[in-house]
1. Among (1) crowded, with 24+ Cβ neighbours inside 10 Å; (2) part of a helix (DSSP H, G or I); (3) not hydroxyl-bearing (Ser, Thr, Tyr), which single condition is B:Val543 missing?
2. So how many residues does segment A:187-218 have that are within 14 Å of chain B (Cβ to nearest Cβ), part of a helix (DSSP H, G or I) and farther than 17 Å from B:Ala42 by Cα?
3. Considering every residue within segment A:341-358, establish whether at least one is under 22 Å from A:Thr95 (Cβ atoms), in a helix (DSSP H, G or I) and more than 10 Å from chain B (Cβ to nearest Cβ).
4. Return yes or no: is B:Gly362 part of a strand (DSSP E or B) and either of a type outside the set (Gly, Ala, Ser) or surrounded by 24 or more Cβ atoms within 10 Å (Cβ to Cβ) (or both)?
5. Would you call B:Leu412 assigned to a loop (DSSP other than H, G, I, E, B), surrounded by 22 or more Cβ atoms within 10 Å (Cβ to Cβ), under 23 Å from the mean Cα position of the chain (by Cα) and of a type outside the set (D, E, K, R)?
6. Does B:Phe169 satisfy the criteria of being in contact with a strand residue (DSSP E or B) (Cβ under 9 Å, 6 or more places away or on another chain), among the aromatic types (Phe, Trp, Tyr) and surrounded by fewer than 19 Cβ atoms within 10 Å (Cβ to Cβ)?
7. Take segment A:283-303 and flag every residue that is surrounded by fewer than 22 Cβ atoms within 10 Å (Cβ to Cβ) and either among the hydrophobic types (A, V, I, L, M, F, W, C) or modelled with pLDDT under 95 (or both).
Amino acid sequence: MALIDTINPLLTTGWSKGDAGWSLKDYEARGGYAQLKRILASKMPQDDLIAEVKKSSLRGRGGAGFPTGLKWSFMPKAAPEKYVVCNTDEGEPGTFKDRDLLRFDPHSTIEGMIIAGYAVGAKRGYNYIHGEIFDIYQRFEEALDQARAAGYLGDNILGSGFSFDLFAHHGWGAYICGEETGLLESIEGKKGQPRYKPPFPANFGLYGKPTTINNTETFAAIPFILGMGGEAYLNLGKPNNGGTKLFSVSGHVNRPGNYEVPMGTPFAKLLEMAGGMRGGRKLKAVIPGGSSAPVLPADIIMDCTMDYDSIAKAGSMLGSGAVIVMDETVCMVKALERLAYFYFEESCGQCTPCREGSGWLYRVVHRIEHGEGRADDLDLLNRVTDNMMGKTICALADAAAFPVRSFIKHFQSEFEYHIEHKKCLVDPAVQRAGSGFFKAGAA
Amino acid sequence: MVEIEIDGKTLQVADGSTIIEAAHQLGVYIPHFCYHKKLSIAANCRMCLVQVEKAPKPMPACATPVTNGMKVFTHSELAVKAQKAVMEFLLINHPLDCPICDQGGECQLQDLAVGYGESASKYEEEKRVVPDKNLGPLVSTDMTRCINCTRCIRFTAEIAGFMELGQAFRGEHAEVMPFIGKTVDTELSGNLIDLCPVGALTSKPFRFSARTWELSRRKSVSPHDGLGSNLIVQTKHDRVIRVLPLENEDINECWLTDKERFSYQGLNSAERLTRPMVKQGGAWKEVDWNVALDYASHALRDVAKTHGGGAIGGLLSPHSTLEELYLAQKLLRGLGSENIDCRLRQSDFSADGKRKGTPWLGMKIADVSRLDRVLLVGSFLRKDQPLLAQRLRQSAKRGAQISVLHSADDDLLIKLTARAIASPSQLPAVLAQIVKAVCALKGVTADPALAGLTVSAEAQAIAQSLASGGTSGILLGNFAQQHAQAATLHSLGRQLASALGGGFGFLGEAANSVGGYVAKAVPTGAGLNAAAMIQSPRQAYVVLGAEPELDCADGAKALESLSKAAAVVVLTPFKSQTMLDYAAVLLPVSPFSETSGTFVNTEGRVQSFYAAAKPLGETRPAWKVLRVLGNLLGVTGFDFNSSEEVRTEALGGQPEFVSGLDNAIDSGALNLTASATGFERVADVPIHFADPLVRRAPALQQARDSAAPAARMNASMLAKLGLVEGGSVRVGGAAAVTLAAQLDTALPDGVVRVAAAHSATVALGAMAGVVSVEKA
């Protein structure tokens, strides 16, 4: 499996040595912590720093794509106690870029967080790392020790008078803890359940204090942006979609893995980088932004470029950049059943529509897949998703609804075939052949 | 103020209001489940979704703050579609077992399903089943009905003060449950039943006994603690089978303590006395009323004639109505006795004659919530006045500083700013230190008697908190009022309050602790107080509504004196073996539910009520019994035709608040010398043993708060005596009792805590004082 293959390596520059290049000295050798030193030495005004980030048009890499500089500027100046929190919960199925960022280059995230702390006036930060990657969490702890020993963390960093400390916190694997307010609740030791907003974290965040919370990739990009300048970073991508983006390509490609490409790279190019379709099969569909993004059929995605605006125009979301590629051996009903089950399991149970609706969706898709579908089931699914969407505290209900609606919208005939004939349109033998668990032709 | 429009009607609402509050102001109902005005906003049920102009999605009315010019549509197509969608989701996994659900007929889900539900569901899958939980003897669970609104969870965390319930698991598997193996033990647990919008949490004692529409209901007033919580008493076939809170923001808000809610079971106790009884030749006989009244009046007249009126003593329960207390004292005074008292658990009466008026809370109950600095002196507040504890809990959350001076550091579930824990004999000295420190901080001249005191760090911390600004209140609890130097604590408390320029008051122990003074049910002149008439045995006693062995400061001595008396006339709703031993006549009188009457609560508020049920058997309202006794004994001024006439005479009119409330006292010289060698007893009155009614409520008696008394000591005291927890310990007072030793880290050195008001500890005698403690 190729982990690294980029056009313009930026965030992934340090990945080339694999597990041998993550430590502080390697990072410093690559020019790491230079931006922090520069900012501290020049006592760069906070507003200038935020302006530079705004200029880069960096948008949140966690999935929602909110402009990072704007988010930072929401932090109240006067508040005495503020926090910076990094979201490495990365629970979206198909996403594994943050894992590798912390594995191969944890210090870029650390430096990004320290700079963010400086920009928003926070003295403490937390990185919330999901529990399934415990070894990565341990590596991050080690990296923190290195940074602390080198004087990049703690009181009076590099004699600048600025103090900031950073802590790692690992979760236990709940998808909902990737929702930023659910994550804050979890850090506080409570059950991970999203909070009603407003108030937003910038006013009422961790322990009720103003908090800036960003994705790992967002923080990791900060040192690079400041190194090359906001304008230059923006120009790597396209207007309103600045910089490069990491895509976690999975599914039926020859070389699944993380690929860093400039925003606006054609999907076809990304697919080519990932080695093209496995076994030379035909592309059927792609989920372009993690499991909660609406699926796009082959003909639509092949015309898209990989950036927020293009994917949104096509009716989906760039999301976290998890590109799930499905070939012609996939039964879309079965694929949807799997997704519906995930959201049924991961709903936090707080809001009625999501708690009750996610189970309802799963059960109906399950019965269609198992030959017990009814003629009006597709109408029922559309009605239930309609009743769920936009009626809950967080976006999990929408995340559960989008796949259902998009699968039905783009592959309605396949669902209808399933209901009518009580079996898959795609021959089970073909499905098995396409599965990674069986050798091709063994069925 | 901002101006908004709801369903086309414009109105002005306060900044920061939510849409649901604004709608309420306008009288527009927005359906909801998780929202409750006294709890934090959860916004999880999603039933209150409404349309807001310019918002792309429906918004939860409970959580959306109003903004100027906002236009809200609660019944638009979008809003109703959202509300109906949520209702469908709520019902798909609900068992719809209304025919066998206790909540049927008073169920928010049932009611709203009529308006927003469909007649049939498209959900044809298997429904969720959730295992029931054991929350203790009071709250029954049917968790399959739960809609996860989390009101119960928020109640325990926010109102009761400790998160005894939580939601475990995720999504459809989410379950509300207590900690594993634990029950819900808050003294406010019954409110969960009211809060639950479905039939998941219902009343265990009431379970399956009636439908709401079969019940008659009457407003009433709680006969227990000094707050006088407002009640709705519900009856079926003239039996009280349920008590609910009647909302009164000035007193109990929308809450009730478990004691107030479930004590009604005692009304139906097998120990109810239903026929008059007299003892003849050592044998008890049930007799007609005229025989019993004749017997009682003769007995009292004989003693009065032979020994003088002073040979009669009247021990009156402070849980009696104002009318009963008034007539009882009038009867006794008519017989020539001044020995009348309703302050049965008090032991220091030296304030009598020095007091300027009736001791009271010193402020309105609602004002307690507005205090910024509070010192609680000698109070088991959470068990003695749970709803005042609740108010202070909320105050502490908004930043009020609460401090405690007490002999036990019980967890009040209130964030305390400072505390001083000392043995009972040391309390006056520590309070004096606080006074001295506050005087110094405020630049006020202190009482010269305090000159020699050294201020401890704890006292200084309390003083600093009190003197740090805002309105202050010094509140003396039941323990301080029962203290052997209660008058000294009273004087010092007053001095402290005046140095601070703040409030000062007493937390009323019983429903008529204030009313007793108003009804003149206290001795005047040379009359004997409750303790004195027990210490100097009388020839005859009139006991009204009390069980002196459990309700007096020295139960053992009380029992001894009653047993020696020639005639004891008891007016009581209950009989007990002890009563049969000492009494000569038992007159069955109505408990609060079967008589009209009045309680004057701790803030001096006059609250009258009617009978909720017919008197049981031949029971009669005590005011009628006393009136007839007065006539039989030829006492003048006993021509009352109604309890209202009695009340008017007692109060001199029909005021909302009684007059003559005044906590001022001529203190004289302060006595701060403390002498106690050996173990001092700290006696609390356990919440479910405080009065004859609650002692007979079976479900409450199974609650954790009703555990048998133990000899509680801190670790060093246990070690000193070579005791281990659970081991036997002999505590010796008037007589010795053997109890289990129990570790109580909340106690200071030199103290053993043994609960009063319990048959197991009666023999110990006085609640306050020194006892011997040894390994048994």
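1. (2)
2. Total satisfying the criteria: 0.
3. So the first thing to find is which residues in segment A:341-358 are under 22 Å from A:Thr95 (Cβ atoms), and the list is A:341-348, A:354, A:358.
Narrowing further to those that are in a helix (DSSP H, G or I): A:341-346, A:354, A:358.
After this cut, where a residue has to be more than 10 Å from chain B (Cβ to nearest Cβ) as well, the list is A:341-342.
The answer is yes; a qualifying residue exists.
4. Spelling it out, it is not the case that B:Gly362 is part of a strand (DSSP E or B) and either of a type outside the set (Gly, Ala, Ser) or surrounded by 24 or more Cβ atoms within 10 Å (Cβ to Cβ) (or both).
5. yes
6. Working: in contact with a strand residue (DSSP E or B) (Cβ under 9 Å, 6 or more places away or on another chain): yes; among the aromatic types (Phe, Trp, Tyr): yes; surrounded by fewer than 19 Cβ atoms within 10 Å (Cβ to Cβ): yes.
So B:Phe169 passes the test.
7. Result: A:Ala298, A:Ile300, A:Met302.
Residue by residue, here is whether (1) surrounded by 17 or more Cβ atoms within 10 Å (Cβ to Cβ); (2) over 24 Å from B:Pro60 (Cα atoms) holds:
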| position | (1), (2) |
| --- | --- |
| B:Leu165 | yes, yes |
| B:Ser189 | yes, yes |
| B:Pro197 | yes, no |
| B:Glu249 | no, yes |
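The values are calculated or read from the model by the stated rules, or taken from the named source; none is laboratory data. What you are looking at is a predicted structure, and each value in this text was computed from that prediction instead of being measured. Cβ atoms come from the backbone with ideal geometry, glycine included; neighbour counts cover every protein chain shown.
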